[in-house]
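Where a number appears in this text, it was derived from the coordinates with a stated rule and is not lab data. Here the structure is a predicted model, which means the values were calculated and not measured. Virtual Cβ from ideal backbone geometry, glycine too; neighbours counted across all protein chains shown.
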Amino acid sequence: MTLVPPPFDPELAGALELIKDMIQPGLTMDEIDLVRQEPGIELLAQLDLTADGFFKVEDRTVPGPENAPDVSLLICRPVAEPTAGPRPVFYHVHGGGMIIGNNRVGVEVPLTWAKELDAVVVSVEYRLAPEHPHPAPVEDVYAGLVWTAEHAAELGGDPERIVIAGASAGGGLSAALALLTRDRRGPRPIGQMLMCPMLDDRNDTPSAHQMAGLGVWDRTANETGWTALLGAARGGPDVSPYAAPARAEDLGGLPPAFLDVGSAETFRDEVVAYASRIWQAGGVAELHVWPGGFHGFDGFAPQAALSQAARAAHLDWLRRLLG
């Protein structure tokens with residue numbers, strides 16, 4: 001049976017048309033180096049993250065996992081004195097398919113939340129695959145969380161109110177981090193914001209097949225990212241849930257989760273399944289499936305009506321979570 005892909009939202013389809021020459025959905029292993037050389041990532045280093053002086057911005061190097069390199073954290077905290085005690089902390093994990101990116105990728109999203117909700121942002125850099133396969137990325141992310149929880153007070157943050165957040169690969173790593181810190185009895189985040197998260201190395205859902213060759217990240221690209229992270233183990237029986245959270249047998253005891261995904265993207269079905277399994281385990285999750293959304297649509301087309309709705313939903317959930 002041929003799977004007919006759901007249509008893109010008309011406004012987002014127009015945005016996709018504009019960027020189609022810059023972003024090809026079917027990334028392969030031999031194109032990773034080429035993608036890393038594109039100027040976009042380098043230009044992020046020149047961004048003004050102070051939001052016109054609202055945030056004090058610093059880069060800090062902190063201890064990494066045992067017998068591994070140190071981890072780089074980007075720390076952005078409001079310059080003004082807090083009005084009501086220590087601030088919440090948004091611990092951000094960047095996207096990039098496990099193979100590209102740094103701690104400035106996507107950080108404008110939690111900075112927007114932090115400006116609105118008077119919070120501190122800590123964005124972690126992790127080693128990238130395939131040079132550094134699993135468990136290097138998630139162990140780096142865990143080490144950064146441990147440091148952040150232990151040093152929250154000196155950042156003006158509240159160690160009891162840390163929200164972990166990420167999009168795409170960063171969403172998958174955030175979900176993995178929630179599992180890992182639960183199982184190690186490490187820091188206890190109060191929430192996990194999983195935006196279009198990359199959860200399942202098996203890459204075999206109906207949505208993965210429906211969207212082949214379409215959007216900005218398709219089944220071929222997904223296989224590339226997971227193969228970079230897991231090598232020959234990808235799709236096999238022995239993949240760790242700390243690499244691919246969809247493999248976790250127990251989703252109980254996790255912090256409340258926000259999950260969202262587009263209806264017209266590769267990750268749709270794995271995200272819906274993950275939310276359902278959190279509910280089945282007695283947990284708390286809020287799920288949004290944005291009709292006609294492609295992967296990461298709100299970043300590529302922030303002015304679109306659907307993007308505005310998605311961004312408002314993120315903020316609303318955080319506001320409720322933080323009380």
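Miscellaneous remarks
- Largest mean-square fluctuation among 308, 192, 210, in a Gaussian network model of the chain whose springs join Cα atoms under 10 Å apart, belongs to 308.
- Estimated FRET transfer efficiency when R0 is 41 angstrom, pair residue 153-residue 43 (beta carbons, to 0.05): 0.75
- Dividing the mean sequence gap of close Cα pairs (under 8 Å, 6+ apart) by how many residues the chain holds gives a relative contact order of 19 percent.
- Between 0 and 90°, nearest 10: helix 108-117 axis offset from the chain longest Cα axis: 40 degrees
- Dipole of region 184-304, positive end: most advanced residue of 187, 239, 289 [Cβ charges, Cα centre]: 187
- Within a Gaussian network of the chain (alpha carbon springs, distance under 10 Å), most fluctuating of 165, 80, 281: 80
- Beta bridge orientation in the chain: antiparallel %, DSSP, nearest 5: 30 percent
- Dipole magnitude of the chain about its Cα centre (Cβ charges: Lys, Arg +1; Asp, Glu -1), debye to nearest 20: 720 debye
- Exposure rule at most 10 other beta-carbon atoms within 10 Å, DSSP loop GluC sites (Glu not before Pro): the chain longest free segment: 132-248
- Using alpha-carbon coordinates, inclination of helix 136-151 to the longest axis of the chain, degrees: 20 degrees
- With Cα atoms, 0 to 90° folded angle of helix 10-19 axis to the chain main axis: 90 degrees
- Cα gyration tensor, region 155-297 - rounded (a/c under 1.5), prolate or oblate: prolate
- What separates the Cα centres of region 176-204 and region 46-64 is a distance of 25 Å.
- Candidates 83, 224, 28: whichever shows maximal mean-square fluctuation once the chain is modelled as a Gaussian network with Cα springs under 10 Å: 83
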